[in-house]
């Protein structure tokens, strides 16, 4: 009967429509129109607009190429909607359409991935769990790429499994090959983590050659060449994309990866890196997988034993069904959820970095239901009914969380609308056209204001990420350099959480604020608009404790200035995050001076260039909370001890470097008896 082929899909379609209506209706009822649940969604919308307007990868026309979206492909998919008229908030409807369609398709993929492993009853349970998992619903409503990426990822692994399970090369058609190739490309372009699927597809194509008409005419060596060609096709586009990024931006890594990964963070090296990853994994297993705190909204309490047992059951189902690759791929999907443990933190945005990989764990639960049913069935055959019952219980446990997820979706969208969107619209109406705005959340403000932005976090403004990662003082020192060399790059206004920026010295009069107290998705309760004020930039260029004679200056180390530190081989010596500070205070002669520094320093070590054979004067600007002293060494020779009065006020202390110690490369070391904050070092010849 015509249309009967859609009957098996009716439960998935109907459930998906109900979920989509519940989430979108809750948002529209709450704020009166469509709205994204995350500010980051508007970053994708802004890049989609850029594509539609003809300047792809440029956050605003005329700006440098940037890679601030977590997904390269998601803005591409949204751009046709913007082009044909889905502007302003209407673009959210396009994101919802694609995301909820992907949710239904993801449920179908879970069914098809599970069925050969664990049978139909378990497969239906897997599909139900995918649909009823609140993390999927929340992310589908967010406007982000999470659920479409999850669908592409699972389909890529399913098709790779089917390719490996096909008995003869003749059944591996060109049509199936090209679908695999496109999935390999799409998985990577959706998110860098999708590169795992790309590599898996490449390996599968290498191990299981497709049918080639020309193979019959060639040698074994020629057949190997064809396999290599097929495998290379799977990674060709990702490699080309990485090369393009390298040429266009100077880095193959996206700016989001540079900002968020532990690997690129200067405070996580060696043991600190290992410790941070271990701490994240501890949180992952002991808190999130147990349905506690951040994950309580989506995961039933005490879920870890079931999740781990599910992976073990997947291995058993793979062995029993002889679907070894399929079982392995399910486990790979699940374990990819550990990738965000290599982020500085993965607790942002309702754990959206984890949920693309939830399907692997949910299939594991379905396999656990099958193994349990088989075990009970071996005692009494009728007890095999435990499989659908247990799968239904798992699905019901997730469904019990859906009401809270829907409420949170609406509240989060309302918070974003009342704060970020409101500020973006206010800026459009009240700030001079073309005025650059400094932001720490760059999505909605850029999208709605039509103003160029300066992203202090560095997602959409190239080159700023390393200063954000380093800390507030490094940002301040960087702005000093920009003010001296490229003043037009700095913003005229800031719309920020001031506590995030932590650089009050560059914030002028407050013009407006948007305060929201009831939305936990926001970075703070109050986001404020300020005029920029750069009067204090450069105010700490000279010591206040004594004039440096003209032409006598030999070197200067500006602590927390990343360029100055690099030039002087400044050793962080185990410095941690959040140990930077920008201090603005009066000098003894009544001038206001602002300088950036590093706190909790008990030792300093760096190299300076001095005039060999000439006595040098040195001054250090520092502050100590408690009384103590410090010893200064130059090229290993102790030069004496200086007392620290404590009290927290900054001071300048001077000492001399004898002529017989000064060299063109002098290693300076300071040893403190109490933790201090260091700001600046000045050196000149006497």
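Kirkwood hydrodynamic radius (Cα pairs, Å) of the chain? Write out the running numbers ahead of the final one.
Working: mean 1/r = 0.0356 Å⁻¹.
Kirkwood radius, the chain: 28.1 Å.
Sort out for me the Cα centre separation of segment 641-662 from segment 383-456, rounded to whole Å.
52
Can you give the extra length, in nm with one decimal, that the chain gains between residue 638 and residue 600 once fully stretched, where that is 0.36 nm per residue apart less the Cα-Cα distance? Let's see the in-between values first.
Numbers: separation 38, 0.36 × 38 = 13.68 nm, distance 2.23 nm.
Once the chain is fully extended between residue 638 and residue 600, it gains 11.5 nm.
How large is the translational diffusion coefficient of segment 411-532 in µm² per second when you combine the Kirkwood radius over alpha carbon pairs with Stokes-Einstein at 20 °C and 1.002 mPa s? Walk me through the numbers on the way to the answer.
On the way: Rh = 14.4 Å.
Roughly 149 µm²/s, to the nearest whole number.
Hey, fewest Cβ within 10 Å first, where do 149, 9, 177 land in order? Please list the in-between numbers first.
Values: 149 27, 9 15, 177 21.
Sorted ascending by nearby Cβ count, the order is 9, 177, 149.
Kirkwood hydrodynamic radius, computed over distinct alpha-carbon pairs, for segment 254-339: how many Å, to one decimal?
Working: mean 1/r = 0.0662 Å⁻¹.
Here the Kirkwood hydrodynamic radius works out to 15.1 Å.
Normalise the Debye intensity by I(0) for segment 566-617, one equal point scatterer per Cα, no solvent, then take log10 at q = 0.13, 0.28 Å⁻¹ and round to two decimals.
Normalising to I(0) and taking log10 leaves -0.54, -1.04.
Could you give the semi-axes, largest first, of the ellipsoid that matches segment 155-290, computed as the square roots of 5 times the alpha carbon gyration tensor eigenvalues and rounded to whole Å?
Working: eigenvalues 271, 74, 32 Å².
Working through the eigenvalues yields semi-axes of 37, 19, 13 Å.
Say R0 is 60 Å: what FRET efficiency, to the nearest 0.05, do residue 382 and residue 271 get from their beta-carbon distance? Walk me through the intermediate numbers first.
Working: r = 57 Å, r/R0 = 0.94.
E(calc), rounded to 0.05, equals 0.60.
What translational diffusion coefficient, in µm²/s and rounded to a whole number, does the Stokes-Einstein relation yield for segment 139-179 at 10 °C and a viscosity of 1.306 mPa s, taking the hydrodynamic radius as the Kirkwood radius over Cα pairs?
Values: Rh = 11.8 Å.
Result for D is 135 µm²/s.
Please list the equivalent ellipsoid semi-axes of segment 510-634, computed as the square roots of five times the alpha-carbon gyration tensor eigenvalues, in descending order and whole angstrom.
Numbers: eigenvalues 244, 77, 42 Å².
Result for segment 510-634: semi-axes of 35, 20, 15 Å.
Within a 10 angstrom radius of the beta carbon, how do 441, 547 rank from fewest other beta carbons to most? Before the final figure, lay out each step's value.
On the way: 441 28, 547 10.
Listing 441, 547 from fewest to most nearby Cβ atoms yields 547, 441.
Neighbouring Cβ atoms within 10 Å as the yardstick, rank 274, 409 fewest first. Mind showing how you got there, number by number?
Numbers: 274 12, 409 27.
Ascending number of Cβ neighbours within 10 Å: 274, 409.
Taking square-rooted eigenvalues a ≥ b ≥ c of the alpha carbon gyration tensor, is segment 340-412 rounded, prolate or oblate, where a/c under 1.5 means rounded and, failing that, a/b exceeding b/c means prolate?
Values: a/c = 5.49, a/b = 1.98, b/c = 2.77.
Note, shape of segment 340-412 comes out oblate.
I'm a student and want to see the number: the projected area of the Cα convex hull of segment 632-686, averaged over all directions, in nm².
Details: hull surface 17.3 nm².
Computing the convex hull of the Cα atoms and averaging its projections yields 4.3 nm².
Using only the alpha-carbon atoms of segment 285-326, report the extent along each of the three principal axes, biggest first, to the nearest angstrom.
The Cα atoms of segment 285-326 stretch 39, 14, 13 Å along the principal axes, largest first.
Please compute the modelled spin-label separation between residue 170 and residue 232, points set 7 Å along Cα→Cβ, answer in nm with one decimal.
Modelled inter-label distance: 2.9 nm.
Per the Kirkwood formula on distinct C-alpha pairs, the Rh of segment 80-171 is how many angstrom?
Numbers: mean 1/r = 0.0689 Å⁻¹.
One over the average 1/r among Cα pairs gives 14.5 Å for segment 80-171.
Taking 0.36 nm per residue of separation and subtracting the Cα-Cα distance, what length does fully extending residue 224 through residue 430 add?
Details: separation 206, 0.36 × 206 = 74.16 nm, distance 6.54 nm.
Stretched out fully, the residue 224 to residue 430 stretch lengthens by 67.6 nm.
As a check on your grasp of the helix formula, calculate [θ] at 222 nm for the chain: sum -39500 (n - 2.57) over DSSP H runs of n ≥ 4, divide by the residue count, round to the nearest 500. Before the final figure, lay out the partial values.
Details: 23 runs with 323 residues, N = 686.
Result for the chain, helices only: -15000 deg cm²/dmol.
For segment 1-113, rounded, prolate or oblate, judged on the Cα gyration tensor with a ≥ b ≥ c (square roots of eigenvalues), a/c < 1.5 rounded, else prolate if a/b > b/c? Kindly include the intermediate steps, with their values, before the conclusion.
On the way: a/c = 2.44, a/b = 1.76, b/c = 1.38.
It is prolate, given that a/c is not under 1.5 and a/b is the larger ratio.
Between rounded, prolate and oblate, where does segment 118-399 land on the alpha carbon gyration tensor, with a ≥ b ≥ c its root eigenvalues, rounded for a/c under 1.5, else prolate if a/b exceeds b/c? Working shown, then result.
Numbers: a/c = 2.14, a/b = 1.10, b/c = 1.94.
Since a/c reaches 1.5 but b/c is at least a/b, the shape of segment 118-399 is classed as oblate.
For segment 456-513, state the average projected area of the convex hull of the C-alpha atoms over all orientations, rounded to one decimal in nm².
Details: hull surface 16.6 nm².
Taking a quarter of the hull surface, the average projection is 4.1 nm².
How long are the three semi-axes of the equivalent ellipsoid for segment 574-686, computed from the Cα gyration tensor as the root of 5 times each eigenvalue, in whole Å, largest first? The partial results should precede the final answer.
On the way: eigenvalues 116, 51, 36 Å².
Three semi-axes, in Å: 24, 16, 13.
Quick one, what does Rg over Rh come out to for segment 72-133 if you take C-alpha atoms and the Kirkwood Rh? Working shown, then result.
On the way: Rg = 15.8 Å, Rh = 13.2 Å.
Checking Rg against Rh, the ratio lands at 1.20.
With r defined as the distance between the Cβ atoms of residue 664 and residue 484 and R0 fixed at 25 Å, what FRET efficiency is calculated, to the nearest 0.05?
Values: r = 26 Å, r/R0 = 1.05.
Approximately 0.40, to the nearest 0.05.
All of the numbers you see were taken from the coordinates with simple rules; none came from a lab. Just so we're clear, the structure is a prediction, and the values are computed from it rather than from any experiment. With ideal geometry, Cβ positions are generated from the backbone for all residues, glycine too; neighbour counts draw on all protein chains shown.
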